[in-house]
Every structure is written in structure tokens, then in C-alpha cells.
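Everything on this sheet refers to the single structure shown next.
The values are calculated or read from the model by the stated rules, or taken from the named source; none is laboratory data. Source: prediction; values computed, not measured. Positions of Cβ are generated from backbone atoms using ideal geometry, with glycine treated the same way; all protein chains shown enter the neighbour counts. Note: areas computed on protein heavy atoms with side chains; ligands, DNA, RNA excluded. Shrake-Rupley method; radii C 1.70, N 1.55, O 1.52, S 1.80 Å.
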Amino acid sequence: MRRVRGDLDGAEAAVVGTGPNGLAAGVMLARSGLRVHLYEAAETPGGGLRSAALFDESVLHDVCSAVHPLTASPFFRRFGLLRRGLRLHTPEISYAHPLNGTDSALAWRDLDRTRAHLGQDGPAWYRMMEPLVRHSERVTDLLLSDQRRPPPWPEAALVAGRVLRHGTPFFRGFRGTRAAALFAGVAAHAGGVPPDPAATAVGLLLGHLAHAGGWPIPRGGSRRIADLLLDDLLAHGARLHTRHPVDDLRQLRSARVVLLDVVPRGLLAMAGSLLPDDYRRRLERYRHGTAAAKADFLVSEPIPWTDPALGEAGTVHLGDGPAALRAAERATRRGERVRNPFVLVSEPGRIDPTRAHGGKYPVWAYCHVPNGDTRDPVELVRSRIEYHAPGFSDTVLDSTGTSAARLAEYDPNYPGGDISSGTVDPVQALLRPTARLNPYATPLRGVYLCSAATPPGPGVHGMCGYWAARAALRGEFGVRTPPPLD
């Protein structure tokens, strides 16, 4: 992998930031025949796709994202991750939610098995998910669109009807606890809970994928996805500059087009007075919300869950019952420090055998906290796991925590620890970063945003970069047909 410093050396396109969206944008531009340079402030590329040996050289931990249902996105499908050698380990239980004692709600990949497991709410869960699963590819395309073109009617009707039913105050909820906990937990990935329409849409996207392609874990860690994107970029002549922050857009003035994998405040810092006053004021109003605080553990054995079925799940949501989860999420969103925050846990060593060595296993986890929270999350997360897995603390060989406030040091696209790169609510979900017909273009000629602060929003799907690159190719070069990705 060639990593260089210096000027643009005749580059036609510059990409700032090498998270999944920056890499996807670069792939699109390079495959269109442009000379592309990518600029990354950190020592290693990848953004939310980085992996590292945090405690033991033989055990790899995912620094940010770990579980990847959104490899089902249109960009990754066309790019062909599996065809390029990525191996995905997909658990039979996509996600789980422990309740009281040994009772847990389980989202099996098998929708029929999930229906049977949910008892009285099984038929309602099946009616909600089965049509989405049956039309999964088109539903995923709709929910990961640029949100600026007329949607295909059949899929739009499927999604809209479910958002109205499950994402408004008129929804009376599921009758039992298991289904309600499953849906509240998956919707909470966006930092909100039903009946919020935006959180409901996220719940429908991730929830139906749990029964379609599942929630896979990449063999060898999340960095393998970044490696494959970088391999393709370099094969098409792109150049990668690491440890090369861009503080001023004028550093890139010789490029014909610039794509910025940054949040609005990053654009404000780089562009300053170059931006028109009205656009600058609108960017300044862009809101950041609920944050994540990350905890990583090196353990001597798999987590000893009270309910052994939790060990079969790729992701475990720790949020108590649905009512308690909703209350905790709303309080956290208001900026309150709650005693029992929502926690997400994954044990990649159980799913991917290459990730555990010599009786040592990685445990990946994070909890939702108020934006800018300074607390070390290790004890918060450890105690939540211990409650559902007595004896867990005795297995911990080492641990490290990254507070919400410190997450921005890892990635400036996470202000205050907001890993969604902006609040996901009914308004900002549709109008991120501002209300513009082309949300990727800026008033500066040839400058485009391609981060998760643009549609379709957060997640490792590459679609913000894909749509931004298409907008740039159309606006600056008159190219209306996207390049082939296979």
C-alpha cells in the first residue's frame, strides 16, 4: 500500500477522510478514470473500519464498528466484497435482548423460528418483517437512497405503512415483552426509540436484515472491508496520504473536485469565510446528539451469560425491559446520566475463530451516554454485562475505555462521541446537513460533502460516499451513468 505526502501532483479529485464513505467516494471517482488523492489525518486509513491489537498482539479488536448488516447496501453489493475475498461469519441469532433471569428475546435469522419464539407477538412480528424480508434488496435500496428522488411505490408503501403504524404515538405496541424489547433495542441503534419515526425506520432496516442476510462479522476484523476498498483504489491509480490533515480547503485548490468525509463543523473549520453567510449559519445549526462510550475487554473465556442462547448471538442489547430502555434513551438524549444505560455487546471470537488465541478473547462493547460525557465507560459496561453474566468480571484480563468526549480524538466525525455524525430525528434524518435539493453539493464550486452527515445517514454502508461521488461526477464532469464496480 503506497502512502505518500506532498502536494496533489496533478490530482483531479481529492477526498478528505478515509472512513467507509470517503473510501466509497474515492472508488467511484477512481473507477471513472480520475486521478484521485485521499487525505487522512490519522496514521491508518479506515475511520470506523479500523481494527487493532489493543492488549495482546495475537488478539484483534475492532476499534469502532464490529458487526456489519449494512454490507447489504447497494454499493457493497455492486462492489462485490465476497467476490473480492471477504469472508463473513453470520451467526444464527442476529441479535438478542436479555430480560429477567434466563428469559431473552432472540432475533433468529430464521424468521419462522423468531415467530415461534415470540409467542403471542409472533404473528405481528412476522407481518411486520416478512414482506420486508421478501423484498429485502429493494427495501434496503429505498432506505439507503439519497432521499431526493421519487421512491419506488411498492417498497415505499411497505415502509411508510410500518413507520406510521410503529413510529407514531397511536401504535399500541406489542402485547408481550419479547417483541417490544427486540424492536426497541434495534431502533435504539439510531439514538432514539419508537414511536419516533426516524428510529422506527432504522429499526425496520436493521431488523429485517436480521432475518434476510443476517448481521455478519468480517473474518479478520472490520479493517478487512477497508483493505479491500483501498486495494481497489490503488489498483485504479489512487494515492493515499496518511498523517496528512487538511486544515484549509485552499490546500486543495488545484483539484477540480473535492469530496469531504467530514461533518458540518469540519467543513466550517476548513472553509471559514469562503462559505456564504446563509449556508454557514445553516451548518452552524446542525445538531449532534446521543453519544457512544466504547469499552474493550480481553477475557479468558467467552462471556458466561445466564441464558446460554446469548452466546450464540452476534450482538447483545442490554437495556432491561422495553419501558426501561425507552426511559433510559430519552433521559440520555436530554443530557442526563442514567444509572443503567443502553449497552451493545459483541463477542467476535465466538463467531470468527481467527479472533481468539491462546485462551484469550476480545469483547467489544459501547454504551449510550450524553454528548460530551467524560466518564470512563469500562465500569458502566462491565457492571451491565456482569448483571446478565455473573462471573464475567473474573474473566477480564485487561480492559480499556474511551469516553464520549475522547471519541472525537479518534475521529473528528464523532463530535462529543456522536457516532451517528448528527442527531437522527424526523427532521434532520431527511434534511441532513441542510435543506437543499442536492445535499452533497456546497456553494463552493467543486466541493462536496460525503460523510454520514448527508443522506442516507449513519452506518457502514458507503452510500453517502456513493451518492456524493455521483453528484460530483454529474455536476463537474457531466457524467450521469455511474461507473461499473465489478
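Some points to look at:
- Filter result (outside any helix (DSSP H, G or I) and within 26 Å of the chain's Cα centre (by Cα)) within segment 116-139: 135
- Segment 366-378, residues that are surrounded by fewer than 22 Cβ atoms within 10 Å (Cβ to Cβ) and under 18 Å from residue 316 (Cα atoms): 378
- Against the criterion of being assigned to a helix (DSSP H, G or I), buried (at least 23 other Cβ atoms within 10 Å of the Cβ) and under 15 Å from the mean Cα position of the chain (by Cα), residue 184 does not qualify.
- Segment 246-272, residues that are farther than 26 Å from residue 427 by Cα and open to solvent by 60 Å² or more (accessible area, probe 1.4 Å): 247, 250, 251, 253, 254, 256
- Top-ranked residue in segment 406-434 [being free of Cβ contacts under 8 Å to residues at least 12 places away in the same chain and of a type in the set (A, V, I, L, M, F, W, C); ranked as surrounded by the fewest Cβ atoms within 10 Å (Cβ to Cβ)]: 427
- Condition met for residue 235 (surrounded by fewer than 19 Cβ atoms within 10 Å (Cβ to Cβ), among the small types (Gly, Ala, Ser) and at pLDDT 95 or above): yes
- Helices (runs of 4 or more DSSP H) within segment 321-389 that include 1 or more residues small (Gly, Ala, Ser) and more than 23 Å from residue 187 (Cβ to Cβ): 348-351, 378-388
- Among residues of segment 187-214 being over 20 Å from residue 95 (Cα atoms) and open to solvent by 40 Å² or more (accessible area, probe 1.4 Å), the one that is nearest to the chain's Cα centre (by Cα) is 197.
- Residues of segment 273-320 classified as part of a loop (DSSP other than H, G, I, E, B) and open to solvent by 10 Å² or more (accessible area, probe 1.4 Å), total: 15
- Identity of the residue in segment 69-86, in contact with a helix residue (DSSP H, G or I) (Cβ under 8 Å, 6 or more places away or on another chain) and not hydrophobic (A, V, I, L, M, F, W, C), that ends up nearest to residue 177 (Cα to Cα): 69
- Within segment 111-137, the set of residues being surrounded by 15 or more Cβ atoms within 10 Å (Cβ to Cβ), closer than 22 Å to residue 155 by Cα and either touching a Ser or Thr at 6+ places or on another chain (Cβ under 7 Å) or not β-branched (Val, Ile, Thr) (or both) comprises 111, 124, 125, 126, 128, 129, 130, 131, 132, 135, 136.
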